[in-house]
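Asks: Before I ask anything, let me first share the structure, which is written out below as structure tokens.
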Amino acid sequence: MKKNQMITLTLLAAMLPLSACVTDPETGNRTISKAAIGGIGGALGGYLIGDLVGGRRDRSEKILGAGIGALAGAGVGYYMDEQERKLRQQTAGTGINVIRDGDNLVLDMPSEITFGVDSANIDPSFRSTLDEVASTLIQYEKTYVDVLGHTDSTGSDAYNQALSERRASSVADYLSSRGVQSARLATRGYGESQPKASNLDAAGRSANRRVEIRLVPVT
């Protein structure tokens, strides 16, 4: 590993106790965010938790232009608590994993419930769940919505990159068609560069084939 990568990992690890403790809105228990822990490995690939696709300045201009206000102070945590609770209710039993990372939320959606094999077309059986997600995003409009596509390592890097981008775009387009303001939406494909499990077995590859919806409060 390169020296600068080692330094980055050390700094990120040191930051975990300060930034990765989250409170479960149902139990009140404080834990270390799974997303924050996983983000250490992904950070070297360009995915830093809290970063916004397209940058905060450009996204903020779009948000302001769409007439969406910002959150401030203690209202941020409460707003995200309520949104998290609603999303957990709507996605219970669907296979979607709702992860809390500080004041951010990540909806981890495995490909077996969202897309067919080697396809970027949303599975018809999953559309009703996305409809529910979209309704919550409309209700809680003071959030940026990043849609992030990922693949396993099967196939070439270039093919996986393109597939991850198409899948992210499919989900974003669907949410937009259901009324989520386009100014809030941004997409990025990571191809096979951000695995969360080993690609050496079928279970790991299945976990790596996913789309994530990351919700970041507008502040």
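Asks: Once you list every other residue whose beta carbon is under 11 Å from the beta carbon of residue 183, what net charge do they have if Lys and Arg are +1 and Asp and Glu are -1?
Replies: With Lys, Arg at +1 and Asp, Glu at -1, the neighbours total 0.
Asks: Please give the contour-minus-distance gain from residue 94 to residue 78: 0.36 nm per residue of separation, less the Cα-Cα distance, rounded to one decimal in nm.
Replies: Contour length minus Cα-Cα distance gives 3.2 nm.
Asks: Would you calculate the separation in nanometres between label points at residue 196 and residue 117, each defined as 7 Å from the Cα along the Cα-to-beta-carbon direction?
Replies: Placing both labels 7 Å along Cα→Cβ, they lie 2.3 nm apart.
Asks: Give me the distance in nm between label points sitting 7 Å out from Cα along the Cα-to-Cβ direction at residue 203 and residue 128, one decimal.
Replies: 3.0
Just so you know, all these numbers are worked out from the coordinates, no wet-lab data involved. Everything quoted here is computed from the prediction, not taken from an experiment. Please note: Cβ atoms are built from the backbone with ideal geometry, for glycine as well, and neighbour counts cover all protein chains shown.
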